[in-house]
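Asks: I'd like to ask you about the structure that follows.
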Amino acid sequence: KKALVKRLVLVRGPAMEAISRPALLEEHRYSLSCIPLAPWSRNSGEGSQRGWLVWVYYQREDEQKVFSAMESRGVNLARQERMAVDPDSPYEDEQIIMTCPQQSHHVSSWEHELLVDGEESKRQPESSYWK
């Protein structure tokens, strides 16, 4: 297994598209685990304004290369907290990222909504959930 660290960043559609290119992941040696935000969520919107929660995984020796790749695409990853990835992580995507020799890109099928303390979820009409 690879010993990895991860950082969480919030990005919009164009940045998500830019950092998700398979050749870029391989060249700069990072993997992604991504969660789309619902259009009505904080830090999100329709189309290119859609927000994404993105965990960027890499080996510490590749950190400057990863920062450079992100920064040149408008994502300031260096400001985000670095966390060690637990080798016994219960998350399937983290286990895959640690054991796969190549880089990988994981995208959740489920949209999420960001809330601040005490904020209620913005319940949407049923038709909003099944487009």
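Asks: Counting Lys and Arg as +1 and Asp and Glu as -1, each charge on the Cβ, what is the dipole of the chain about the Cα centre in debye, to the nearest 20?
Replies: Dipole magnitude for the chain comes out near 360 debye.
Asks: Scan around His106 for amide H atoms under 5 Å from its own, H built in the peptide plane at 1.01 Å from N, and keep only partners 5 or more places away or cross-chain.
Replies: Residues meeting the criterion, in which the H sits 1.01 Å from N, are Leu32, Ser33, Cys34.
Asks: Under 8 Å for C-alpha pairs, at least 6 residues apart: give me the relative contact order for the range 20-97, rounded to a whole percent.
Replies: The value is 25 percent.
Asks: How much of the DSSP beta bridge set in the range 5-129 is antiparallel, as a percent to the nearest 5?
Replies: On the way: 17 of 21 bridges.
Just about 80 percent of them are antiparallel.
Asks: Calculate one ³J(HN,Hα) per residue across the range 83-96 by plugging θ = phi - 60° into the Karplus curve 6.51 cos²θ - 1.76 cosθ + 1.60, and present them in order as whole Hz with x for glycine and proline.
Replies: Rounded to whole hertz, the list is 10, 6, 8, 5, x, 9, 3, x, 8, 4, 5, 5, 5, 5.
Asks: Spelling out what I want: for every residue of the range 11-24, take phi, set θ = phi - 60°, compute 6.51 cos²θ - 1.76 cosθ + 1.60 (Karplus), and round to whole Hz; glycine and proline get x.
Replies: For the range 11-24, the Karplus curve yields 10, 9, x, x, 5, 4, 4, 5, 7, 8, 5, x, 5, 5 Hz.
Asks: Sticking with this one: Calculate one ³J(HN,Hα) per residue across the range 49-54 by plugging θ = phi - 60° into the Karplus curve 6.51 cos²θ - 1.76 cosθ + 1.60, and present them in order as whole Hz with x for glycine and proline.
Replies: Result, ordered by residue: 8, 4, x, 9, 8, 10 Hz.
Asks: Report, by chain and number, residues whose modeled amide H sits under 5 Å from the one on Arg42, excluding near sequence neighbours (fewer than 5 apart, same chain).
Replies: HN-HN under 5 Å from Arg42: Leu114.
Asks: Next question. Filter the chymotrypsin sites (Phe, Trp or Tyr not before Pro) in the range 80-131 down to the DSSP loop ones having no more than 16 other Cβ atoms within 10 Å, then list what survives.
Replies: Within the range 80-131, the qualifying chymotrypsin sites (Phe, Trp or Tyr not before Pro) (loop, at most 16 other Cβ atoms within 10 Å) are Tyr91, Trp110, Trp130.
Asks: Of the GluC sites (Glu not before Pro) in the range 1-101, which ones lie in a loop per DSSP and count no more than 12 other C-beta atoms within 10 Å? Walk me through the intermediate numbers first.
Replies: Working: sites: Glu17, Glu26, Glu27, Glu46, Glu61, Glu63, Glu71, Glu81, Glu92, Glu94; in loops: Glu46, Glu81.
Filter output for the range 1-101: Glu46, Glu81.
Asks: Any idea which of His105, Val85, Gln124 is furthest toward the positive side of the dipole for the chain, if Lys and Arg beta-carbons carry +1 and Asp and Glu beta-carbons -1?
Replies: His105
Asks: Could you please state, rounded to a whole Å, how far the C-alpha centre of the range 53-82 is from the C-alpha centre of the range 16-42?
Replies: Cα centres, the range 53-82 to the range 16-42: 11 Å.
Asks: Checking the a/c ratio against 1.5 first, then a/b against b/c, what shape does the Cα gyration tensor give for the range 61-131?
Replies: On the way: a/c = 2.05, a/b = 1.61, b/c = 1.27.
Prolate is the answer for the range 61-131, as a/c is 1.5 or above and a/b outweighs b/c.
Asks: May I pose another question? Quickly estimate the mean residue ellipticity at 222 nm for the chain, helices only: each DSSP H run with n ≥ 4 gives -39500 (n - 2.57), and the total goes over all residues, rounded to 500.
Replies: That comes out to -6500 deg cm²/dmol.
Asks: Another question, if that's okay. Rounded to whole Å and ordered largest first, report the semi-axes of the equivalent ellipsoid of the chain derived from its Cα gyration tensor (root of 5λ).
Replies: Ellipsoid semi-axes (Å, largest first): 27, 16, 14.
Asks: Further question: With contacts defined as alpha carbon pairs under 8 Å and 6 or more residues apart, what's the relative contact order of the chain in percent?
Replies: Working: 214 pairs, mean separation 47.4, N = 131.
Reported relative contact order: 36 percent.
Values in this text are rule-based calculations from the coordinates and carry no lab data. As the structure is a prediction and not an experimental result, all values here were calculated from the model. Note: ideal-geometry Cβ built from the backbone for every residue, glycine included; neighbour counts use all protein chains shown.
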